[in-house]
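Remarks on the structure that follows.
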Amino acid sequence: MEKGKTALIVVDMLNDFVTGALKCERGLAIVPITKKLVEGCRKAGVPVIFANDSHIKGVDHELKLWGEHAIKGTPGAQVIPELEPKESDYIIEKRRYSGFFHTDLDLLLTELGVKTCIMCGLHAHMCVRHTSADAYQLGYEVVVAKDATDSFTKEDYEIGIKYLHDVYGAEILSTEEILDRLA
Ligand code: ZN
């Protein structure tokens, strides 16, 4: 994890996932540590990229399975106020689980000279996993902030983290360990 070649990707820390349509208590519980991670990365000069669901009502495939959530332009699709993006951050709007699928995330990371993606947010076994899959397949190293990532249940979280480690060789670290390495 080289400071000048690393970015933080914050997945779906949106109103609808934390307090809205698909809210979950475990998502709410990681807000303070995620805030610490985001602020620590900004301070270290590590780019902060929010990968946000931004669905088209009545069109997006995913809405059939999960019901309406994070509809583009609604408060539900905005980053939670505690993590409010700053001008120096980047926002990628996605319509599928992966932050890379039909978005310009790969282009942005290339332009920023990024080789390692630190993943955090929701959900470890879904959008974090699919975003990590594409990161891995595109040749990025994947680091997961284990205390700033979660899922609906402990079981889903553990399955997600194990998969990220076993299949993408992701390094599973705490926020403290990550910020120490970036210091
Ligand atoms: Zn979605």
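Here is how the numbers come out for the structure above:
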quantity: Cut-off under 5 Å, modelled amide H: who pairs with Phe50 long-range; calculated: Val10, Tyr90, Ile91, Ile92
quantity: Cα shape, the range 3-67, gyration tensor, a/c 1.5 rule; calculated: oblate
quantity: Cα-based Rg and Dmax for the range 33-79, where Dmax is the largest Cα-Cα distance (Å); calculated: 14.5, 41
quantity: Under 5 Å, built H, 5+ apart or other chain: amide partners of Lys146; calculated: Leu173, Ser174, Thr175
quantity: Table column - 3J(HN,Hα) (Hz), the range 149-166, Karplus curve with 6.51, -1.76, 1.60, x for Gly and Pro; calculated: 9, 7, 9, 4, 10, 4, 5, 4, 4, 5, 4, x, 5, 4, 4, 4, 5, 6
quantity: Length added when fully stretched, Glu62-Glu111, from 0.36 nm per residue minus Cα-Cα; calculated: 14.7 nm
quantity: Sequence of Leu83, Leu14, Leu108 once ranked by neighbouring C-beta atoms within 10 Å, starting from the fewest; calculated: Leu108, Leu83, Leu14
quantity: Phi to ³J(HN,Hα) by Karplus 6.51 cos²θ - 1.76 cosθ + 1.60 over the range 134-146, Hz, x for Gly, Pro; calculated: 5, 4, 4, 5, 8, x, 7, 7, 10, 10, 10, 7, 5
quantity: Top of Ala44, Ala148, Ala124 by mean-square fluctuation, Gaussian network on the chain, Cα under 10 Å; calculated: Ala44
quantity: 19 Å Cα-Cα threshold exceeded, pairs from Lys35/Lys115; Lys36/Lys86; Lys35/Lys72; Lys5/Lys43; calculated: Lys35/Lys115; Lys35/Lys72
quantity: Long-range amide H partners of His55 with built H, under 5 Å; calculated: Ile71, Lys72
quantity: Average projected area [Cα convex hull, the chain], square nanometres; calculated: 9.1 nm²
quantity: Karplus-derived HN-Hα couplings along the range 109-117 (A = 6.51, B = -1.76, C = 1.60, θ = phi - 60°), whole Hz, x at Gly and Pro; calculated: 4, 4, 5, 7, x, 7, 10, 10, 10
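Computed from the coordinates by the stated procedures, all read-outs in this text should not be read as laboratory data. Because the structure is predicted, anything quoted here is derived from the model rather than measured. When we count neighbours, we look across all protein chains shown, and the Cβ atoms used for this are built from the backbone with ideal geometry, even at glycine.
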